[in-house]
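Structure record follows, encoded as structure tokens.
Just so you know, all these numbers are worked out from the coordinates, no wet-lab data involved. Since this is a predicted model, take the numbers as computed values, not measurements. Every residue, glycine as well, gets a Cβ built from its backbone with ideal geometry; the counts of neighbours run over all protein chains shown.
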Amino acid sequence: MQAGQHEHVWQSVPAGALPADVGARRSFLLAHVRARAGAQGRPRILDVGCGEGYFTALLARAGAEVVGVDVAQEALRRARERHPELDLRLLPTDGPWPLADASFDVVWAGEVIEHVADTASWLSQLRRLLRSGGELLLTTPAHGRLTMLALALSGRRFDRHFDPRSDHLRFYSRRTLEALLADFRFVEISVRGAAGPPGARRLLLACARRARF
């Protein structure tokens, strides 16, 4: 997506709207962050696609040193208005991100990867920013077999879900997300479904580590 498209998307999002499936995502994120904090002290975390700063603020309250980044100026304007104490930065839509190599213990990307056109470049950036043994945590909508079958049985739902004008550019199942992370030399990969009935989960929760080399 180009910069103007990101701004257009944010213009359609009501100010103060809670992130989708916020409870499942919050529990997943905090469980991992607290475990890491207990093992090594105060972690440094990058919140990629921070939007209005909901999770950035949550991480700061949990005791992390956190930096929130986004490509949309409107999202950051709202975040700075709501959370002026946070470290929030604008990312370029193309080229390397202005952040130092191996400078974060954890990278969090909640509901972001499905919006990314150049997934290879994006994952390479995340891997570059993680310290050896650092943890990548991400969530994305789930597209398992039952979900796809339900969409296929309704032409209207299928067309709406895969509308080419949508800001969702990629669609992941547990297996395809696991394979993608492995391709980028992440290890200890775990992807599980959450939210919704068994067999038709709405959400994938993924964690992986940067290999120690």
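Extension gain, Ala100 to Glu81: 0.36 nm times the residue separation minus the Cα-Cα distance gives 4.2 nm.
What is the sum of charges around Arg77, taking Lys and Arg as +1, Asp and Glu as -1, for the other residues whose C-beta is under 11 Å from the C-beta of Arg77?
On the way: positive: Arg78, Arg80, Arg82; negative: Glu7, Glu52, Asp70, Glu74, Glu81.
Combined, the nearby Lys, Arg, Asp and Glu give -2.
Dividing the mean sequence gap of close Cα pairs (under 8 Å, 6+ apart) by how many residues segment 3-210 holds gives a relative contact order of 18 percent. Qualifying trypsin sites (Lys or Arg not before Pro) in segment 21-128, where qualification requires a DSSP coil assignment and no more than 11 other C-beta atoms within 10 Å, are lacking entirely. Annotation: the residues Thr56, Thr119, sorted from fewest to most other C-beta atoms within 10 Å of their own C-beta, follow the order Thr119, Thr56.
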